[in-house]
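> My questions will all concern the structure given below.
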Amino acid sequence: MSPTLKVEGLRKAYGGLVVSDGIDLEVRPGEIHALIGPNGAGKTTLVSEIAGAVTPDAGRVFLEGRDITGLPPHERARLGLARSFQITAVLPRFTVLENVTIAIQGLECRRFRFLPAPALETGWCERASAIIESVGLGRRVDTLAGSLSHGEKRMLEMAIVLARAPRLLLADEPMAGAGGEETAALVALLERLKGTVPVLLIEHDMDAVFALADRISVLVYGRIIASGTAAEIRANPEVQAAYLGSDEGLVA
Amino acid sequence: MTSTRRRAGWLPLALFVVAAAWPMIAEMSGNPFWTVLASRMLIFAIAAISLDLILGYGAMVSFGQAGAVGIGAYSVGIAASHGLNEGLIVLPLAVLASGLFSLVTGFVAVRTRGVYFIMITLAFGQMIYFTATSLSAYGGDDGLTVWSRSTIFGSGILEDERVFYAFVLILLAAVWVLARLLVASPFGKVITAARQNEARVESLGFDIFAHRLAIYTISGAIAGLAGGLLANHAEFVSPAYMNWQRSGELIVMVVLGGMGTLFGPIAGALAYLGLEHVLAGFWQHWRIILGPLLILVVLRAPGGLGSFIKTRRT
Amino acid sequence: MSLMLMAVQSLNGLQLGILLFLIAAGLTLVFGVMDFINLAHGVQYMAGAYFAVTAWLLTGNFMIAVILALAASLAFGLLLQWLVFRHLMGRDHLDQVLATFGVILTLNEAARMIWGPSPLSLPIPEALSGSIVLMPGLLYPVYRIGIIAAGLAVALLLWLLIARTRVGMLVRAGATHAPIVAALGINIDRLFAMVFGFGAMLAGFAGMMAAPILAVEPSMGDNLLILAFVVIVIGGIGSVRGAFLAALIIGFVDTMGRSFATDLMKLFLSPSAANDVGPALASMLIYILMAVVLFFRPAGLFPARGT
């Protein structure tokens, strides 16, 4: 089967600092592909390059076989690429419902609508409510997103990307800063996506990564040093060296 | 939020009722020129609404709004000097000309953010100002007299100050209603969302540049309407309408009235011009009072005017 | 004949560019180092001119007047910084715009009250009056050459200050990495005040230099402020080198446009149409130039801030 996402020879340097050093990566249909690596390995840069927020110096990105390297972020989003942000990027002055509704709007409403469209918007709201319910934020629908707790914001972030009915989900540390219970909920949520939505998961929580990932790639100093199943990665001496050299243990 | 909305609900209505009765009040109190003054205030209120659309909702601090107003005014003035007076033609022409100007300059300005945007809009505003001063065929520095007000279906009813006032009031109400619909529309949601987090909104598939350019153009077009009315009101157009200080005054009206509310800027325009009228009547150097007042208001607002408005609105 | 005119206008363009640079340098530094947009910078140019006129009226000596006015400009800049601007650091750009707009309204009106609405003038000093022959048949006023020389000297001095001194190093670092400079334990407030005072003095100096050839009147700084904005937007905000280059370009293009646009238009249009279109085109020229530069380089010619 052809991969949903294919990254070929991606390079990016800021001055002398090479953050993407010829990265090749594939996310196959239905799989959760985890990308791990020590801090400063260039994970978020890679996500930004895939999402279109950062332009690589060289290399190509393909989504479902289509070359999207030159497309701006919003056009990639329209092709079904959804991104959850590492630093929570909910819209603080919108309610939870509005945050999700506008995500559906972005999916459905391609042209400008300069006047209110009540019928359309009611439909969006209903769908948004269902998604919000499914991530467990049902009681917070009318709360301003800015006043949610950190963990709730992480759930809302997921609700927003789910509302996009994504062809590929780029999840940049979805569990960062979430508490134990919320992490469990997020893991369950991603578990549910398995087999339907392919996910590129960037995560520091190794328990979550090993529980969820079909395959794992390890990024160190802008290079993928290993790629394989959880067992292969655990056994890989190069990976162990890279991780033992830093503060983060591979097995938490 | 709901309580603010409810409170704000009757206030515009009350103001429009008073505004509708204004010419009568003016005449009964023996001050018919109050109607003339009020027409001017309402025209500036339209301009303030246009600025609020980009400043209050899009967080685009445009310092060139007076340029768009001026283009509208000159459209009417220049058309009149060629004998074209029909309001149903020249006013749409003013709207179109200003909208087009905003569209073209927007291609450069809207790509930029923050201080660049401020300076670039300022520069484009000044460009129009200097262009007008060098239009020797249309009065140059001295401006251009508009010999008669626009006609409506060929009739000169707008020459009557009370009719003109009513005409402006109706247009203001229409602009206000349309602007409210616009900001509540799916399009408007994208504009307010983009102000909160651009990367998020882009990741939802929205072309932020296109949206911003569109609202910038709409804003310019509405400012053009205000300009067209201003030319009719004063029966005169002059580069002074486009001076960057005028743009600054519009920002003051919007911000002090309450940006991002659409109604606040109307109140701000009335208050500012009212204050100007009263103070200027007392003392020619009234700006020496206004300036420090403005500085104090900004410095006293805890955490900046932006946050002051945010807390009030949420 | 036309060549002669071209040479004279080139010098005029250079001289306008130098004046613009003196104003833009302070503006771009203040913005680059402090992330502060100061609309009132043009008022400091006006203040410099008025100080010079007043000092000249009191002393009758041009040199002494300039020295006194420089000191007054510096003091005045520091006073404004202490009274108003320091409270605006780190605030929203909209707040800065509004407050400094308030400063403009106040000071323009104050100038009108103190010195009256009609233009004043400062005579050209004896030693610099008259013209000299630059080329056979080309006379050019000595004073204007003086402006060019003084401006270039100040630009050189500024370059030495920024490139070769410790304060200059901090200013350069501040323009690109403000938080790091703060983290080094440098007294940022003092650094800001210094940059501010210096910027005000430069703008004031430009005002003094311009006073004998332009009218000294309220609001005289407003138009130059906009030109200075165009300069720093083209040059790249925070870049003194960019400001220098852009100031010369703008001075040159604007002057040339004003003197030749109408003649150029006559090549394409009827004389009367050219007389109408030429001046309008000339006054739009630099803004079109700005738009073109920004279209291709959104951060200006020499972006000071890394992306």
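> What dipole magnitude, in Debye to the nearest 20, does the protein assembly as shown give about its Cα centre under +1 on Lys/Arg Cβ and -1 on Asp/Glu Cβ? Could the numbers behind the result be given before it?
On the way: 58 positive and 56 negative charges, 66 e Å.
For this selection, approximately 320 debye.
> Mind pulling the per residue volume of the convex hull built on the Cα atoms of segment C:146-248? Å³ is fine.
Values: hull volume 10.9 nm³, N = 103.
Looking at segment C:146-248, the number lands at 105 Å³ per residue.
> Find, to one decimal place in angstroms, the Kirkwood hydrodynamic radius of segment B:25-149, where the mean of 1/r is taken over every pair of different Cα atoms and then inverted.
Details: mean 1/r = 0.0620 Å⁻¹.
Answer for segment B:25-149: a Kirkwood hydrodynamic radius of 16.1 Å.
> While we're looking at this one, here's another question. Using a 7 Å offset from the Cα along the Cα-to-Cβ direction at both C:Asp263 and B:Ala199, what is the distance between the two label points in nm, to one decimal?
Those two pseudo-labels are separated by 5.5 nm.
> Quick one: among C:Leu80, C:Leu94, C:Leu281, which has the greatest mean-square fluctuation in a GNM of chain C with alpha-carbon springs under 10 angstrom?
For chain C, modelled as a Gaussian network with Cα springs under 10 Å, the answer is C:Leu94.
> Ok, one more. Skip the ligands, DNA and RNA, and give the accessible area per residue of chain A with a 1.4 Å probe, whole Å². Each step should come with its number before you reach the end.
Values: 10600 Å² over 252 residues.
Normalised by residue count, the accessible surface of chain A is 42 Å².
> Test of understanding: what is the full-extension gain from C:Ser118 to C:Ala153, defined as 0.36 nm times their sequence separation minus their Cα-Cα distance? Don't skip to the end; give the middle numbers.
On the way: separation 35, 0.36 × 35 = 12.60 nm, distance 3.25 nm.
Roughly 9.4 nm would be gained on extension.
> Can you pull the one-decimal nm distance between simple spin-label points at A:Cys125 and B:Phe153, each 7 Å off the Cα toward Cβ?
The modelled label-to-label distance comes out at 4.1 nm.
> Report the Cα centroid-to-centroid distance between segment C:230-296 and segment A:148-220 in angstrom, as an integer.
Comparing the Cα centres of segment C:230-296 and segment A:148-220, I get a distance of 54 Å.
> To continue, here is another question. Using a Förster distance of 30 angstrom, determine the FRET efficiency expected from the C-beta separation of A:Val141 and A:Asp67, and round it to 0.05. Before the final figure, lay out the partial values.
Numbers: r = 40 Å, r/R0 = 1.33.
Between A:Val141 and A:Asp67 the formula returns 0.15.
> Right, next: Taking all protein chains as present, what is the carbon and sulfur share of the accessible area of segment C:93-183, in % to the nearest whole number, probe 1.4 Å?
On the way: 3220 of 4470 Å².
Ligands and nucleic acids excluded, carbon and sulfur reach 72 percent.
> When only alpha-carbon atoms are used, what values of Rg and Dmax, in angstrom, describe segment B:135-179?
Values for segment B:135-179 (Cα only, Rg and Dmax): 14.5, 39 Å.
> Still on this structure: In debye to the nearest 20, how big a dipole does segment B:142-211 give about its Cα centre with +1 on each Lys and Arg Cβ and -1 on each Asp and Glu Cβ? Could you put the intermediate results ahead of the total?
Details: 6 positive and 7 negative charges, 69 e Å.
I would put it at about 340 debye.
> When you look at the Cβ of every residue in C:227-239, what mean number of other chain Cβ atoms sits within 10 Å?
Working: counts 2, 1, 9, 6, 0, 3, 8, 1, 0, 0, 4, 0, 0.
Per residue, the number of nearby Cβ atoms from other chains is 3 on average.
> Could you do me a favour and compute the accessible area per residue for chain B, 1.4 Å probe, result in Å²?
Details: 11800 Å² over 314 residues.
Counting only protein heavy atoms, the per-residue value for chain B is 38 Å².
> Assuming R0 = 22 Å, can you tell me the calculated FRET efficiency for the pair A:His150 and A:Arg93, based on Cβ-Cβ distance, to the nearest 0.05?
Numbers: r = 17 Å, r/R0 = 0.79.
Using R0 = 22 Å, I get an efficiency of 0.80.
> Probe radius 1.4 Å, ligands and nucleic acids left out: can you give me the accessible area buried at the B-A interface, summed over both chains, in Å² to the nearest hundred?
Values: alone 15250 and 11920 Å², together 24510 Å².
Its buried surface, counting both partners, is about 2700 Å².
> Right, something else. Between C:Arg241 and A:Ile225, take the C-beta separation as r, use R0 = 51 Å, and let me know the FRET efficiency to the nearest 0.05. It would help to have the intermediate numbers written out before the result.
Details: r = 43 Å, r/R0 = 0.84.
Result of the calculation: an efficiency of 0.75.
> Ignoring ligands, DNA and RNA, please state the percent of accessible area on chain A from carbon and sulfur, probe 1.4 Å. Before the final figure, lay out each step's value.
Values: 5600 of 10600 Å².
Carbon plus sulfur share of accessible area: 53 percent.
> What net charge do the residues around B:Gly140 carry, taking every other residue with its C-beta under 15 Å from that of B:Gly140, with Lys and Arg at +1 and Asp and Glu at -1?
On the way: positive: C:Arg258; negative: B:Asp141, B:Asp142, C:Asp276.
Residues near B:Gly140 contribute -2 overall.
> So what is the relative contact order for segment C:2-296, in percent, with contacts set as C-alpha pairs under 8 Å and at least six apart? Could you put the intermediate results ahead of the total?
Details: 413 pairs, mean separation 111.3, N = 295.
Dividing the mean separation by the residue count of segment C:2-296 yields 38 percent.
> Please give the peptides A:229-235, B:218-224, B:70-76 ranked by average Cβ packing (other Cβ atoms within 10 Å per residue), highest first, as a rough proxy for protection.
Values: A:229-235: 14.4, B:218-224: 29.0, B:70-76: 30.6.
Averaged packing, sorted descending, gives the order B:70-76, B:218-224, A:229-235.
> Okay, moving on. Kindly provide the pair-distance distribution of the protein assembly as shown built from C-alpha pairs, with 20 Å bins from 0 and whole-percent values in order of increasing distance.
13, 40, 34, 12, 1
> To continue, here is another question. Taking springs between alpha-carbon atoms closer than 10 angstrom, which of A:Leu190, A:Leu148, A:Leu17 fluctuates most in the Gaussian network model of chain A?
Looking only at A:Leu190, A:Leu148, A:Leu17, the biggest GNM fluctuation is shown by A:Leu17.
> Right, here's the next one. With all protein chains present, how much of the accessible area of chain B (probe radius 1.4 Å) comes from carbon and sulfur, to the nearest whole percent? Walk me through the intermediate numbers first.
Numbers: 8180 of 11800 Å².
Carbon-and-sulfur percentage of accessible area, whole number: 69.
> Place a point 7 Å from the Cα of A:Glu133 along the Cα-to-Cβ direction; which residues of segment A:155-171 have their backbone N under 17 Å from it?
A:159-160, A:163
> Tell me the label-point distance for the pair C:Leu160, C:Leu83, using the 7 Å Cα-to-Cβ offset, in nm and rounded to one decimal.
Placing both labels 7 Å beyond Cα along the Cβ direction yields 3.4 nm.
> Another one. Is there a simple number for the mean count of other chain Cβ atoms within 10 Å of the Cβ of residues in C:131-143, and what is it?
Values: counts 0, 0, 0, 0, 0, 0, 0, 0, 0, 0, 0, 0, 0.
Rounded to a whole number, the mean comes out at 0.
> So, one more: Could you provide, to the nearest whole Å², the per residue accessible area of chain C with probe 1.4 Å? Intermediate values should be presented prior to the final figure.
Numbers: 12790 Å² over 307 residues.
So chain C comes to 42 Å² accessible per residue, rounded to a whole number.
> Interface size between chain C and chain B, please: total buried accessible area, 1.4 Å probe, rounded to the nearest 100 Å². Show your work: numbers first, answer last.
Values: alone 14840 and 15250 Å², together 25950 Å².
That pair hides around 4100 Å² of surface in total.
> Related question: Of A:Lys153/B:Lys189; A:Lys6/B:Lys189; A:Lys194/B:Lys189; A:Lys43/B:Lys189, which sit over 23 Å apart, Cα to Cα? Provide the component values of the computation, followed by the final result.
Values: A:Lys153/B:Lys189 20 Å; A:Lys6/B:Lys189 34 Å; A:Lys194/B:Lys189 32 Å; A:Lys43/B:Lys189 32 Å.
Going by Cα-Cα distance, A:Lys6/B:Lys189; A:Lys194/B:Lys189; A:Lys43/B:Lys189 fall outside the 23 Å limit.
The values are calculated or read from the model by the stated rules, or taken from the named source; none is laboratory data. The shown structure was predicted, so the numbers you read here are calculated from the model rather than taken from an experiment. Note that each Cβ is placed from the backbone with ideal geometry, even for glycine, and that neighbours are counted across all protein chains shown. Heads up: the accessible areas ignore ligands, DNA and RNA and are worked out on the full protein's heavy atoms, side chains in. Shrake-Rupley method; radii C 1.70, N 1.55, O 1.52, S 1.80 Å.
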